[in-house]
Structures are given as structure tokens and as C-alpha cells.
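The structure appears right after this line, and notes come after that.
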Amino acid sequence: MTDVLVVAELAEGAARKTTLSAITFARQVTEATDGAFDVLVIGEGAEDAAESLTGYGARTLLTADVEGGYTAEAYAPTVAEVAKENEYGVLVACASTYGKDLMPRVAAKIGAGVASDISAVAVEDGTLHYTRPMYAGNVFGTMTVTTDVQVVTVRQTEFDAATESGGSSDTEEVDVADATEAAGRIEFVSIETVKSERPELTEADVVVSGGRSLKSAENFENVLEPLVDALGAAMGASRAAVDAGYVPNDLQIGQTGKVVAPKLYVAVGISGAIQHLAGMKGSKTIVAINKDKEAPIAQVADYFLVADLFDAVPALTDAVKSAG
Amino acid sequence: MKILVPVKRVADPDNANKVKVSDDGSRVTSDGLEWKMNPFDEWSLEAALRLTEDAGAKKRVGEVVLVSIGPKDEVQTIRQGLAMGDERGILVEAEDDDLDSHVVAQVLEAIAKKEEPDVVFLGKQSADGDSNVAGTKLADFLDWPLVNYAMHIATDDEGKTFTVKRELDVGQQTLKVTAPCVFTASDRILQPQAIKNGVTADDFAYPESDGGRYASLKGIMQAKKKPVEETTLEGLGVTPTRVNAYGSFTLPAARTGSTVFLETVEELVEKLQTEAKVL
Ligand SMILES: Cc1cc2nc3c(=O)[nH]c(=O)nc-3n(C[C@H](O)[C@H](O)[C@H](O)COP(=O)(O)OP(=O)(O)OC[C@H]3O[C@@H](n4cnc5c(N)ncnc54)[C@H](O)[C@@H]3O)c2cc1C
Ligand SMILES: Nc1ncnc2c1ncn2[C@@H]1O[C@H](COP(=O)(O)O)[C@@H](O)[C@H]1O
């Protein structure tokens, strides 16, 4: 029997959808081992945020109202205390920048090993075997964690968001643990979140990404965005486009950006460097629009339109509009 | 300001698709691939150098110490960093097979306690294991604050406090930290004006670059003479406790089908409608 603690991720007082991927992991493990899972909702407005998570089959929703904006230094002691007071075999969060920042800190506090950014879990004779992408997605390793308690972060594209299973979970408020010295030397100043009317990159069915070749922020807006919207897509970008300041950093796809796996991925003027492929090669259908037939994106593209994007993208936008 | 920069070597990450798995699946083999400094560590090193120099006057004003944990030939990675401008290096000899992010954090904890740097600046992840764990565990072992994925750093007073912006997947966060502390870097740390150290003029801009600075010939010559201290886990009093055990490795399934090259938008729309059925 393995009990699991899911650590929810909040943004502006609401649970982010990343939490539902961690719940999917928790269901897989607890179903295979006859265990139960709790969800720890931690942050400002935790109680309200917990309400949206009541129908997912958690044994208990634990809430901890930590004030003052997120820092791992402020949150980790409480997560570690909850872990110590209960007999969880696994603590899990999504491998978002939140989960990857918080969970190893919790692991250090409780002497646990970390399986980070896993793509699958299998239970054999009660032992959890984790599969995770390495070498920018060019090798998959299967590993175990040898400590009693294990800390896991899950890749959102590989653990589909859990759907509600009905019922309602009990709620219980937990004490906020005292912070250690580190918390006294870090101060949350501000957070700027990006608002978009478009679907979230990691959840979208269609993603259209642009590269350096778009040459300016204006071209992203005037050339690429009409296609993005005609397809009802989310917009992504290569690192080169983000570095050049054409689009904000949260649109970067790749080894150091987001990992996406939509039904349709359209790479516009993107060469397909290995680090970019790491973030999108799990997409179902991949279209490349590039004037260079030799561009490495051909390694993964199903359809490769050899064309100048400044001609092809407006034409494709019109065609999509008249088809839809 | 004194900065400790942990670096490791990885099989050439630009050719990671040539990495193989042994027949029995027990090992990853990178035969034929060159060793390179982990690019994420190269970014941190570049940031550390920028934090500790007067860029206008081309003068060092602080100290950067490189640490590498690994087999003896890892010393080449250290020399490569020294050629970029660091002062000295520490090699902790260990077998790659005995290391995981937990052990690395244990070793770095021991070194940080000995060296007492203001900042430990790690790469956010190793480009081979892609774990993204060592820096965060280290910060907790030391009970120091950590800023993961730093994209902009400004020192407020002689390197004792920093205002740091970090990248999130929902946007950006600004934090104020007091040394000693730990940083990891995002891609944007290499932007021309991402680092303000209070010594280099505020309007100074580094050249656009997506990696660390090149070593000059002079730098390479000097690096050969810079001190590299060699030690071991026992020497540091570290009892390593590995917590991750890899059982097997596989290569990802190749994408099915082959690429269809098209000349016109009409053909593409046709394929997407009738073949892929995504329009
Ligand atoms: C450690 C590390 C991590 C990295 N992480 C990431 C990451 O997460 N994500 C990422 O994207 N990159 C990442 N990179 C960078 C990556 O290696 C590439 O440099 C980057 O992806 C290139 O971006 P690009 O394809 O837009 O630009 P380029 O490589 O310059 O390609 C531009 C492409 O556009 C085509 N083109 C030009 N003009 C036109 C036109 N008019 N019409 C049609 N096609 C045209 C060209 O043929 C070319 O193929 C990382 C690099 C390192 C070292
Ligand atoms: N063997 C090593 N020697 C020195 N530093 C290391 C080593 N392994 C990892 N690191 C540091 O820890 C960071 C994160 O590593 P990881 O947790 O393995 O992804 C790297 O970017 C390095 O800065």
C-alpha cells in the first residue's frame, strides 16, 4: 500500500490545471497499491482553491494558508511537516517551474530521492519504477528511488489532467510550519503573470510556433498571430525568437522551455535544433514551414512545406478561414 | 564577491540524438561524441564572470572558483572554464556511476562550507540527465535561499544583496535575496544587460550571445598555470548516499512514416484535411 501526497499548484488563489496531472499520477499509484491520496493545497487563499479539487477522489484536502507570495523557502517546511506526520510513500507535483523549484527542496528536508520530470510510472511488487526522458528526450531511463519516501514531478503532457470522479473530499487545515533561516534572506517582491485569451500552451490541441526568421515582434503579431487564431491555437516560439525579444519567455518550447504534445504542431521558420525538438516531438502531426529543405526539423515533420513563410503563412491563414 | 561555479562535462548535447544504449539496455553509450562543458553550466559560469568583473576596464574584481566532481579527465572541463577567466579550480575525484544529484549536492555542501562563497551558481540542469535537482537540494542542505532560473541579477550593495528576476512558466517573479545564496540560470541570463554588478557601468552591454565567452589564446595559456586542487569524497568527509538507481535505458520510438515535402499551401491544406484530418 502506497499513500500519496499531491502538492497542488496555485495561481492567483486558484488551483492550476497542472495539479490534475499530479492527481492522475496519484490515482495510478494508489489504484495499483490499494493506497489513498491526499492533496495539500498551500498558498494564499488555499481554502477557496481547495473547493475546486473536492470531486477528484482525494481522501483529504489539506489546506495551509501561507501568506506573502510564493517562495520555496516559505512553503517547503510545511510540505515537509505534512509529509513527516503522515505515512506517505510518495510526494508528487507537476514538473512545472513551480514543482521543479519546490519539490527538491522538500526532498532535501526529509532525506528523500527525487524522480524528476517523469513520463510514466509502473508498479511491480509494490516497487515504483519511473520512466523519464534524458538527453533532451533522446533516451528514456527507467529508475527507482531507494529512499523510504520518494519525491516525484510529472510531465504534464504524459499525465493527462484527471477528470472528476464524484463525491467530495474531507477538508482539514494544517499548521504552517516555522520557516528556517533561508526564508529570512529571501523576499518576494512581485510576480508578473502573462494573460492570454488563447488556450494554454501545455493544454492546447493546436500549437503554432515561430522562430528567429519572423524577424520582429510586429511580424509575430501581423503574420503569425492571424494563423494562430484561425486555428484556435496556442502560440509558441523558439529560444532564438524569445532571446531576440519578439515574444515573452513563457512561450518558449524546448529543453529549457515548455514541453507540448498537441494534435497539430506547426513550426514556422524554425530550424529544429535538438533542444527545440525536445519540447515538441511528442506532437501527433507536425508541420514545418521553412524555405530550407535541409533544415533538421525535417527529422520529425510529417509535412514539410518548402516555402517562404511571409508568402505561405498568410495564404494558409486564408485557406484555414475559408475551410472553417 | 566570491562565486563557486559547479561544472560537469556531458556528451556533446548538440548531437544528443546520436547517443546509444548498450544491447542489454543497462548503459547509455556516447562513444564517438566529444565531451563538452554542460551548456547550462557554461551559462552560469558566464554570469558569474560578469558578476565579478569590471567589464569596461576588463578587470577582475571578484573571484570565481570552479568545482567539478567526476573522473580525473574532468580536469579538462575545469581548464576550459579557467581559460574563460576564473581564478582556480577544485576537482573532486569520483566515478560517474557513484554520482546522482543527491550526492553532488552533498559534495557541494561540503565544499561551500569550506570555501564560504557569497554565491553558488549552478546550471539549472545537466544536459545528459536533465534532472534539475542538485542546485535546489544544495540550497536546502546549506539552508541558503535559492533563485532558480534567474534571468536578471542586480547587486544592491557590493554583492551582499541581489534583486533577481526569475522565469516561471506563468511569467516572471522578482525576489530580493541576501548572500550567501544559490542561483541557477535561465537562457536569458546571457542577454547583453542581464547582469548589473555595481562596478561595470550600468549602460554597458555585452555582445549578443547564446553561450559563454570564447577563451582567448592568452586565456588558454594562462589556464594551464592556474591552480587546480584535487580532492576526494573521503577527503571532504562526505559519505555518499545515492538515492537514484537506473535499471534500464531505451531509445524513443522513431516517429512513424516519413516526411512529405510539399510545394504549395493548397497541397498542405489538402493533406491536413484528408490525411491527417486535423483541419
Ligand atoms: C542548452 C541549450 C538549451 C536550449 N534550449 C532551447 C529551447 O528550449 N528551445 C529552443 O527553441 N531552442 C533552445 N536552444 C537553442 C537552439 O539550439 C537553437 O539555437 C534555436 O532553437 C534556434 O531557433 P530558430 O529555429 O528560431 O532559429 P534558426 O536556427 O536561426 O532557424 C531559422 C530557420 O528559419 C528558416 N527561415 C529563415 N527565413 C525564412 C523564411 N522567410 N521563410 C521560411 N523559413 C525561413 C531557416 O531556413 C532556418 O531553418 C537551446 C540551446 C542550448 C545550447
Ligand atoms: N558531477 C558534477 N560536478 C559538478 N557539478 C555538477 C555535477 N553534476 C551536477 N552538477 C551541477 O548541478 C547542476 C544541476 O544538475 P542536475 O541536478 O544533475 O540536473 C548542474 O548544472 C551543475 O551545475
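Details
- Dipole moment magnitude, nearest 20 debye, the protein assembly as shown about Cα centre, only Lys, Arg, Asp, Glu C-beta charged: 1960 debye
- As a calculated quantity, the FRET efficiency between residue A:318 and residue B:178 at R0 = 41 Å, using C-beta atoms, amounts to about 0.15.
- Ascending count of other beta-carbon atoms within 10 Å, so fewest first, for B:224, A:215: B:224, A:215
- Helix B:39-51 vs. chain B, principal-axis angle (Cα, 0 to 90°, nearest 10): 40 degrees
- ³J(HN,Hα), Karplus 6.51/-1.76/1.60, whole Hz, each residue of the stretch B:54-66, x for Gly, Pro: 9, 5, x, 8, 6, 10, 6, 10, x, 10, 10, 10, 8
- Using the Cβ-Cβ distance between residue A:51 and residue B:256 with R0 = 56 Å, the FRET efficiency computed as 1/(1 + (r/R0)^6) comes to roughly 0.80.
- The lysines within cross-link reach of residue B:59, meaning a Cα-to-Cα straight distance under 25 Å and a gap of 8 or more places when in the same chain, are B:2, B:160, B:196, B:218, B:224, B:225, B:226.
- Distance in nm between pseudo-label sites at residue A:218 and residue B:160 (7 Å out along the Cβ direction from Cα): 4.9 nm
- For chain B, the longest principal axis of the alpha carbon atoms and the long axis of helix B:75-84 meet at an angle near 80°.
- The stretch A:166-211-the stretch B:245-279 distance, computed between alpha-carbon centres (Å): 33 Å
- Dipole axis of chain A (+1 Lys, Arg; -1 Asp, Glu on Cβ), positive-most option in A:260, A:183, A:194: A:260
- Shape call, the stretch A:111-182: gyration tensor on alpha carbons, a/c limit 1.5: oblate
- Think of chain B as a dipole: +1 on every Lys or Arg Cβ, -1 on every Asp or Glu Cβ, centred on the Cα centre; then among B:15, B:104, B:85, B:85 lies furthest on the positive end.
- Rounded to whole Å, sorted largest first: equivalent-ellipsoid semi-axes of chain B, Cα gyration tensor: 35, 26, 19
- Added length on full extension, which subtracts the Cα-Cα distance from 0.36 nm per residue, residue B:87 to residue B:239: 51.9 nm
- Residue order, fewest to most beta carbons within 10 Å, for A:75, A:135: A:75, A:135
- Computed [θ] at 222 nm, deg cm²/dmol, chain B (DSSP H ≥ 4; -39,500 (n - 2.57); rounded to nearest 500): -7000 deg cm²/dmol
- Neighbour-count order for A:191, A:289, fewest beta carbons within 10 angstrom listed first: A:191, A:289
- Each of A:237, A:209, A:297 was placed along the dipole of the stretch A:180-324 (beta-carbon charges, centred on the mean Cα), and the one lying farthest toward the positive end is A:297.
- For the stretch A:201-323: rounded, prolate or oblate by the Cα gyration tensor [a/c cutoff 1.5]: rounded
- Ratio of Rg to Rh over the protein assembly as shown (Cα coordinates, Kirkwood Rh, two decimals): 0.96
- Across B:141, B:249, B:40, mean-square fluctuation computed from a Gaussian network of chain B (C-alpha pairs under 10 Å connected) peaks at B:249.
- Considering only beta bridges that DSSP places wholly inside the protein assembly as shown, some 40 percent are antiparallel.
- Helix-only arithmetic for chain A: the sum of -39500 (n - 2.57) across DSSP H runs with n ≥ 4, divided by the residue total, places the mean residue ellipticity at 222 nm at -7500 deg cm²/dmol.
- Remark: relative contact order (chain B) = 23 percent; criterion is Cα-Cα distance under 8 angstrom and separation of 6 or more residues.
- Anisotropy class of the stretch B:185-279 from Cα gyration tensor, a/c 1.5 cut: oblate
- Span-like helix ranges in chain A, DSSP H, alpha carbon extent 15 angstrom or more, Kyte mean at least 0.0: A:18-33, A:309-323
- For the stretch A:4-184, a crude dipole built from +1 on the beta carbon of Lys and Arg and -1 on the beta carbon of Asp and Glu, taken about the Cα centre, is about 860 debye to the nearest 20.
- Pair residue A:263, residue A:192: separation of 7 Å Cα→Cβ label points (nm): 3.5 nm
- GNM remark for chain A: springs join alpha carbons under 10 Å apart, and the peak mean-square fluctuation among A:141, A:282, A:184 falls on A:184.
- Average projection, convex hull of the Cα set of chain A: 17.5 square nanometres.
Only the coordinates and a few stated rules stand behind these numbers; no lab work does. In this text, all values refer to a predicted model and were calculated from it rather than measured experimentally. A quick note on method: Cβ atoms are made from the backbone with ideal geometry, for glycine too, and the neighbour counts reach across all protein chains shown.
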